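Please treat every number below as a calculation from the coordinates, not as lab data. Since this is a predicted model, take the numbers as computed values, not measurements. In this analysis, Cβ positions are derived from the backbone assuming ideal geometry, glycine residues included, and neighbour counts consider all displayed protein chains.
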Amino acid sequence: MKKLGILITLLSFGFVNAQTLDELKALQQEKKDSIAAIQSRVDGLQSQIDAFPGWRIGAFGTIGGSLSQFSNWYAQGVPNNASGNIGFTFNAYANLIEEKFFWRNALTTNLNWVKLDNKDNPNDNDSFEPTTDVFNISSLYGRNITKKIAASALMEYRTTILNNFNDPGYLDLGVGFTWTPVENLLVVVHPLNYNFVFSSGGDIFESSLGAKIMADYTRSIGAVNFKSNLSMFQSYKSSNLSNWTWTNSFSYSLWKAIGVGFDFGLRDSRQEALNYAVNTLGDPNATFDNIDNDLQTFWTLGLSYKF
């Protein structure tokens, strides 16, 4: 009887614990539902705040890097070396939204440095060398025709800043229309746009008249920050003078303003491909017709910080 009593006590204790655990899980779910409801109300209030006229200013970025050193690591070709990779991106915007007009300004940078110092070679380069080098700034002004369509003028400047600043550099000036289907999405269509190209590359780079198309989506939702920008220029003179660039930035805050970030970009430019073939590879026979115009890409993964 004594053993039976102990068994019943243990079973009862386990049942009470299981019941208590289920109750705790149910209570936890209720709290999660409450948090979700509160967040929904906060987001709704934020949408109402964003609807008011005035300035909207924000910035976020990504920092990534690694450092390493090897001594007598004979399994690799360079057993004694120090290597490193450092990169960061920065995205900022300052938008003035009024009832009859808007003025949107944006800045995007992506810079990266790498080094490989061979300790056994005193003549090698032991400094950090720039690799990824992206700088883009734009300013868009529009006067509203309807709630979603505006007559607009755009200035966009793109270049590199670590090496060959403004060589090449691209300055787009144009007018046309801007469509805003939703609050955070812009679609710019400017059939009258002049693409100024600044370069010491001789006849390879050429300015021309054409059409400018730009689409930009920038949004912050709680801990998530996202920006995607597509900028295209179609030359009326020749498709060889056209170019397009698509950049994307994503960050997720894990603790306060610190989180993880990922950036990637794609670009196509036949002028830059020909300039690389002629002036870097030294191919005197390279032309627009026979160059390998490979897709240009970059990506950065690392820690992010929301300003």
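For the charge dipole of the chain, defined by +1 on Lys and Arg C-beta atoms and -1 on Asp and Glu C-beta atoms about the Cα centroid, which residue among Asn118, Ala151, Gly174 has the Cα displaced farthest towards the positive pole?
My answer, from the dipole projection, is Ala151.
Need one number: nm distance between label points at Ile258 and Tyr194, each 7 Å from Cα along Cα→Cβ, rounded to one decimal.
With each label point 7 Å from Cα toward Cβ, the separation is 5.0 nm.
What is the calculated FRET efficiency for Ile137 to Ser220, with r their C-beta to C-beta distance and R₀ = 30 Å, to the nearest 0.05?
Efficiency, from the Cβ-Cβ distance: 0.90.
Expressed as an acute angle from 0 to 90° and rounded to the nearest 10, what is the orientation of the C-alpha long axis of helix 2-50 relative to the principal long axis of the chain?
30 degrees
Asn118: net charge of surrounding residues, Cβ under 15 Å, Lys/Arg +1, Asp/Glu -1, itself excluded?
Result for the local shell: -3.
Shape of region 79-147 from its Cα gyration tensor (a ≥ b ≥ c, root eigenvalues): rounded if a/c is under 1.5, otherwise prolate when a/b > b/c, or oblate?
Cα axes put region 79-147 in the prolate bin.
Could you tell me the center-to-center distance, by alpha carbons, between region 74-101 and region 198-213 in angstrom?
Here the two parts' Cα centres lie 27 Å apart.
So which trypsin sites (Lys or Arg not before Pro) in region 74-179 are both in a DSSP loop and have at most 10 other Cβ atoms within 10 Å of their Cβ?
Hits after loop and neighbour filter: Lys100, Lys147.
Pairs of alpha-carbon atoms within less than 8 angstrom and 6+ residues apart define the contacts here; what relative contact order does the chain have, in percent?
Value for the chain: 11 percent.
Take Phe288 and Ile57, extend 7 Å from each Cα along the Cα→Cβ direction, and tell me the distance between the two endpoints in nm.
4.4 nm
Does region 168-307 classify as rounded, prolate or oblate by the C-alpha gyration tensor (a ≥ b ≥ c root eigenvalues; a/c under 1.5 gives rounded; else a/b over b/c gives prolate, otherwise oblate)?
It is oblate, given that a/c is not under 1.5 and a/b is not larger than b/c.
Give me Trp103, Trp255 sorted ascending by neighbouring Cβ count inside 10 Å, so fewest comes first.
So the residues, fewest neighbours to most, are Trp255, Trp103.
Listed here are the pairs Lys119/Lys227; Lys115/Lys212; Lys212/Lys256; Lys148/Lys237; Lys227/Lys256; Lys31/Lys256; which of them are more than 30 Å apart at the Cα?
Lys119/Lys227; Lys115/Lys212; Lys212/Lys256; Lys148/Lys237
If N is the number of residues in the chain, what value comes out of its Cα radius of gyration divided by 2.2 N^0.38 Å?
Against the empirical 2.2 N^0.38 Å value, I get 1.43 for the chain.
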